[in-house]
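Down below is the structure, laid out as structure tokens.
The values are calculated or read from the model by the stated rules, or taken from the named source; none is laboratory data. Source: prediction; values computed, not measured. Positions of Cβ are generated from backbone atoms using ideal geometry, with glycine treated the same way; all protein chains shown enter the neighbour counts. Heavy atoms of the whole protein, side chains included, go into the accessibility calculation; ligands, DNA and RNA do not. Shrake-Rupley method; radii C 1.70, N 1.55, O 1.52, S 1.80 Å.
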Amino acid sequence: MSPRSASVNEELRRRSRERLLQATVDLVAERGYEATTLGDIADRAGAARGLVSYYFPGKRQLLQSAVHRLMHLTLDAALEREPRSDDGRERLARAVDAILGLARDEPLLMRTHMAGILQAEGFVQCPEQQRLAELLRDTVARYGSADVDTDYPLLRALLMGAVVAVLLPGAPMPLARLRAELFQRYGLEWELGVPPDGGPPGGTLTSKG
């Protein structure tokens, strides 16, 4: 049997890494971070346990990469869903709704992710985080930013703050209220994106400027 080509080996490595990332998201969402071991993740992914350490220096870094991948896939699906739109305001609205939707739909996973970022490791610079950043930067650019290098980190910070506010134990903020504030900040009409049922909370009106 002839040896596999470099491209085939690269594809196999990519698939193995993807399975590990997906298994991490699934298990942490089901069991929580502390109850999930690297061995559990390898078993769920159908991978050798040593492969986890080959790709990732530790469980916290693995989780960050896994959640960044989930965020990238969720954001990409929201931006490209039908009817597809190239309108920058619509795309920004979809981006906001996609990230807030993850806080609503995956609270345990997102709370664990945010807690990890706030610890000593900070942001993990990984391919998944870079893909997510590229999508958000492109969204900011299509929205009409004249200074993407400044406006992208601000959008990222606002979205992170909103996610923390939704998930804050004991004092969560209503998602609809946070959405209204973000939409007002960017002058987005409530009807853009995927609005919650009903109108803006408290009758809040957003600017069209």
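Do you know which residues across segment 29-53 are closer than 22 Å to L102 by Cβ and charged (D, E, K, R)?
Selection gives E30, R31, E34, R44.
Only one of these is charged (D, E, K, R), farther than 19 Å from L178 by Cα and open to solvent by 10 Å² or more (accessible area, probe 1.4 Å): D97, D76, D105. Name it.
Matching residue, one of D97, D76, D105: D76.
Only residues in segment 140-167 that are at positive phi count as the first member; pair them with residues that are open to solvent by less than 40 Å² (accessible area, probe 1.4 Å), Cβ under 9 angstrom, at least 6 apart or cross-chain, and list the lot.
G144/G88
Can you tell me which residues in segment 110-133 are touching a residue at least 24 places away in the same chain (Cβ under 8 Å) and part of a loop (DSSP other than H, G, I, E, B)?
Across segment 110-133, the qualifying residues are Q119, E121, F123, V124, C126.
Kindly evaluate L136 against the criterion of being part of a helix (DSSP H, G or I), in contact (Cβ under 8 Å) with a residue 40 or more places away in the chain and either in contact with a Pro (Cβ under 7 Å, 6 or more places away or on another chain) or closer than 19 Å to Q22 by Cβ (or both).
No: the conditions fail for L136.
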